[in-house]
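In what follows, a structure is listed as structure tokens, so that the remarks can point back to it.
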């Protein structure tokens, strides 16, 4: 089972998690935003491109500890899967995931898929759905960009609820 991970964060220098999304091959999704990150440490880019998109899922707002617990519970839903891959296109996503979980999640393998993504499919996803630099949209776009056999109906599915 592949699960695509994307994060948004405060800044490249003073990097702190703002939001995280995981999208599985079978359609299961996890999304969470932190309410306790330091807004003052956000870069201009994060303020302009990321923060304006937050709040679309108010039921998915957490402090860091409850976000960690919710994510651990969600990942446990994959126990028993023969192969579990956490796919990311930026190493910082993996680092922020591991930081949130206090280490790599047990039983999961990490796979950097940056060089495997079909950028044309990714752009098609963004044209259909918008939302670039929103962790959930970016994770969905990466899943779509990796799956060449995914039918066009995925583009028509729209914005299903997280979790």
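For this structure, a couple of remarks:
- Helices (runs of 4 or more DSSP H) fully within the stretch 117-163 that include at least 3 residues being within 12 Å of the chain's Cα centre (by Cα) and either modelled with pLDDT of 95 or more or over 20 Å from residue 54 (Cα atoms) (or both): 135-146.
- Residue match in the stretch 140-148 (condition: within 21 Å of residue 1 (Cβ to Cβ), buried (at least 18 other Cβ atoms within 10 Å of the Cβ) and free of Cβ contacts under 8 Å to residues at least 24 places away in the same chain): yes
- Within the stretch 101-117, tally of residues that are touching a helix residue (DSSP H, G or I) at 6+ places or on another chain (Cβ under 8 Å) and loosely packed, with under 12 Cβ neighbours inside 10 Å: 1
- Residues that are in contact with a helix residue (DSSP H, G or I) (Cβ under 6 Å, 6 or more places away or on another chain), part of a strand (DSSP E or B) and touching a residue at least 40 places away in the same chain (Cβ under 8 Å) do not occur anywhere in the stretch 74-87.
- Residues of the stretch 47-65 classified as within 21 Å of residue 139 (Cα to Cα) and either without any contact (Cβ under 8 Å) to a residue 12 or more places away in the chain or in contact with a strand residue (DSSP E or B) (Cβ under 7 Å, 6 or more places away or on another chain) (or both), total: 12
- Test: residue in the stretch 68-80 that is modelled with pLDDT under 95 and either surrounded by fewer than 16 Cβ atoms within 10 Å (Cβ to Cβ) or at positive phi (or both): yes
- Residue within the stretch 27-34 that is surrounded by fewer than 16 Cβ atoms within 10 Å (Cβ to Cβ), within 18 Å of residue 145 (Cβ to Cβ) and modelled with pLDDT of 95 or more present: yes
The values are calculated or read from the model by the stated rules, or taken from the named source; none is laboratory data. In this text, all values refer to a predicted model and were calculated from it rather than measured experimentally. Please note: Cβ atoms are built from the backbone with ideal geometry, for glycine as well, and neighbour counts cover all protein chains shown.
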